[in-house]
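The block underneath contains the structure these notes are about, expressed in C-alpha cells.
The values are calculated or read from the model by the stated rules, or taken from the named source; none is laboratory data. Quantities reported herein were computed from a predicted structural model and do not represent experimental measurements. FYI the Cβ positions are ideal-geometry reconstructions off the backbone, even for glycines, and counts take in every protein chain you see. Heavy atoms of the whole protein, side chains included, go into the accessibility calculation; ligands, DNA and RNA do not. Shrake-Rupley method; radii C 1.70, N 1.55, O 1.52, S 1.80 Å.
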Amino acid sequence: MNPKKVLLNIITFVCFISLLGTAKADIYKDNNIPDYIKTKIQKIVDSPSHMDGIDGFRRKPRKQRIKDNIRWYKKYGKVNDRYNAYCLDIENFGNQNNFIDSSTGLNPQENIDKSQIKFSIDNKLSLQSAVRKKYKDLSKPVYFRFKGEKILDFKYSEIKNCTKTRSALKKLPDGKFFIKPQSDCKGKNAMILVKTGGKLKFTHVSRGEISLREFLKITSCRAFFVQDYIEQHEALKALNPTTLNTIRLITTKFNKKPRVLCAGLRMGKNTKTIVDNASRGGIFVGINVETGKLKKYGFSKHGHAMKEHPESKIQFENYQLPFWKECISAAKKFHMLNPGYTSVGWDIAITPKGPVLIEGNSGWGGYIPNTTCRGIRKLWERSKRI
C-alpha cells in the first residue's frame, strides 16, 4: 500500500475521532443541567434579540449566550426569562451580575420600619388622602368610590350622600374623568368618562366605547373610584397624546432622608390606547435623574428596542422633561408621609402646572429599572450607604 495513502487515512481517521468527540461534548450535561431547564434555555437563546440592528450592536455567539444562561441558572436556581429583554445577549451592553430583581434577591422592603408605617402605600385612596391634606396641589380629588350600582362609602369622596352610582354620576360636573380599580390592575379595566351636557360617554382601555350598562357590569366585581382626568404637559403630550405618559420614580430610604434610586418614563406605543403600562404594550425609557433628560433607547416588554417613538417620531436621547426638580422634590415629600417604607415606586404625571401623584407601589419590581439602567444592583447597594 502506498505509504502516503496510509498516512492520509490515519490523519483522516484521527480528525474524524476528534470531531466526533467534540460533537458528543454537551455543555448542558457537563454542567448537570436537567433536560427541562435545557429546553427553557434553548427557547431563550433562540428567541429574537431586542437590539438587533440598532447602532451596530452585535449579538453574542450562541455558545456564549448558552453559557450566560447556565451561569444564571446555577447561581439562582432558575432560568432568566428576561435575558433578551434585558439585552444581555448583546456584546458589551451589560453585565448580568448587576441585574437584581425579586427573583434574584431584591427585596424592596428589606429594611422596612413597621413602626413608621402610617397606612398602606398601595392603598390608592389612603395615599391620595394623605397627599391632599398636606400637598393639595400635588394630587387630584376623588369624587366617589363605588362597586357596580352601589356607592361604597364617603370617606374619601367629594360627592356625598349618594347610595347609587347612577346618582353620583349625575352629580358629576361636565368634564373628563379617569376611572380605575382601587387595587393594582396594570391598566386593566381603566376607563375614561366624558360628561357633556349631562350625557355620559365611557371608553374602556381595551373594549373601546361602552354603554352605561356595560360600565356598571364591568365595575361590579371590585371597588373603583373616579378622579379628574389629568391633562398632561405639552412636552409629554407630544410623545403620545392619547395616553397619560407617566414617570416611574423610585425612592429609597435606608437612613434619615429619602433618595432617588432611578427613574423612567412610560408612554403608550400608539394612539389606539389610553394607558402607558408596559404590560399593555407601552414603551419605557430611562431618565437621567440629574438632568431630567431621556436616555437614548426605549424598550417595550415584547419587542424591539427603539431610539424614537414609533408614531410621533420624537428622538428619545436628551429629550427634556419639564418640572424635573419639582418631580424629585414631590417624590421625596410623598415618601416622608409614610417614612417606614424602604423604597417606593412613585407614578407621577406632569401637568402644565407641575407634577401630580398617580399612585405609589411598595412592590415596584425590577423589570423597567433594570432594563433602562442596565441593571440596578450597584445603585441599590449604593443607596444603603448614603
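Screening residue 93 against (1) within 18 Å of residue 377 (Cβ to Cβ); (2) not in a loop (DSSP other than H, G, I, E, B) leaves a single unmet condition, (2).
Restricting attention to segment 251-273, the residues that are modelled with pLDDT of 95 or more, surrounded by fewer than 23 Cβ atoms within 10 Å (Cβ to Cβ) and among the β-branched types (Val, Ile, Thr) total 1. Return yes or no: is residue 66 modelled with pLDDT of 95 or more, open to solvent by less than 30 Å² (accessible area, probe 1.4 Å) and not acidic (Asp, Glu)? For residue 66, the condition - modelled with pLDDT of 95 or more, open to solvent by less than 30 Å² (accessible area, probe 1.4 Å) and not acidic (Asp, Glu) - is met. Among the residues of segment 96-108, those that are open to solvent by 30 Å² or more (accessible area, probe 1.4 Å) and in a loop (DSSP other than H, G, I, E, B) comprise 105, 107.
Whenever a residue of segment 182-195 is open to solvent by less than 20 Å² (accessible area, probe 1.4 Å), its partners that are at pLDDT 75 or above and hydroxyl-bearing (Ser, Thr, Tyr), lying with C-beta atoms within less than 7 angstrom and at least six residues away or across chains, give the pairs 191/203; 192/203; 192/229. Note on segment 196-236: among residues that are more than 28 Å from residue 346 (Cα to Cα) and of a type in the set (Val, Ile, Thr), the one that is surrounded by the fewest Cβ atoms within 10 Å (Cβ to Cβ) is 196.
Number of residues in segment 311-345 that are in a strand (DSSP E or B) and either in contact with a His (Cβ under 8 Å, 6 or more places away or on another chain) or at pLDDT below 95 (or both): the value is 1. Entry remark, segment 155-180: residues being charged (D, E, K, R) and under 25 Å from residue 244 (Cβ atoms) number 5 in total. Filtering segment 127-144 to residues that are in contact (Cβ under 8 Å) with a residue 24 or more places away in the chain and outside any loop (DSSP other than H, G, I, E, B) leaves 127, 128, 129, 130, 131, 134, 137, 138, 142, 143, 144.
Contact map, segment 288-310: first residue among the acidic types (Asp, Glu), second residue not in a loop (DSSP other than H, G, I, E, B), Cβ cut-off under 9 Å, separation 6 or more or different chains; pairs are 308/298; 308/315. The strands (runs of 3 or more DSSP E) located wholly in segment 145-263 that include 1 or more residues which are over 30 Å from residue 108 (Cα atoms) occupy 150-153, 175-181, 191-196, 199-204, 208-210, 224-228.
Among the residues making up segment 38-53, those that are of a type in the set (Lys, Arg) and surrounded by 13 or more Cβ atoms within 10 Å (Cβ to Cβ) are 38, 40.
Summed over segment 274-295, residues that are closer than 14 Å to residue 310 by Cα and at pLDDT 60 or above total 4.
If you check 127, 200, 193, 169 for being under 29 Å from the mean Cα position of the chain (by Cα) and at pLDDT 95 or above, only one passes: 193. Condition (residue is surrounded by 13 or more Cβ atoms within 10 Å (Cβ to Cβ) and over 30 Å from residue 331 (Cα atoms)) applied to segment 237-250: is it met by at least one residue? Checked against the condition, which is being surrounded by 13 or more Cβ atoms within 10 Å (Cβ to Cβ) and over 30 Å from residue 331 (Cα atoms), segment 237-250 yields no hits at all. Just need a number here: residues in segment 291-310 that are open to solvent by 40 Å² or more (accessible area, probe 1.4 Å), part of a loop (DSSP other than H, G, I, E, B) and closer than 23 Å to residue 48 by Cα. Summing the residues that are open to solvent by 40 Å² or more (accessible area, probe 1.4 Å), part of a loop (DSSP other than H, G, I, E, B) and closer than 23 Å to residue 48 by Cα in segment 291-310 gives 5. Among the residues that make up segment 112-124, is at least one of them touching a residue at least 24 places away in the same chain (Cβ under 8 Å), open to solvent by 70 Å² or more (accessible area, probe 1.4 Å), over 17 Å from residue 227 (Cα atoms) and in a loop (DSSP other than H, G, I, E, B)? Looking through segment 112-124, at least one residue is touching a residue at least 24 places away in the same chain (Cβ under 8 Å), open to solvent by 70 Å² or more (accessible area, probe 1.4 Å), over 17 Å from residue 227 (Cα atoms) and in a loop (DSSP other than H, G, I, E, B). Does residue 149 satisfy the condition of being on the phi < 0 side of the Ramachandran plot, at pLDDT below 95 and open to solvent by 20 Å² or more (accessible area, probe 1.4 Å)? In short, no.
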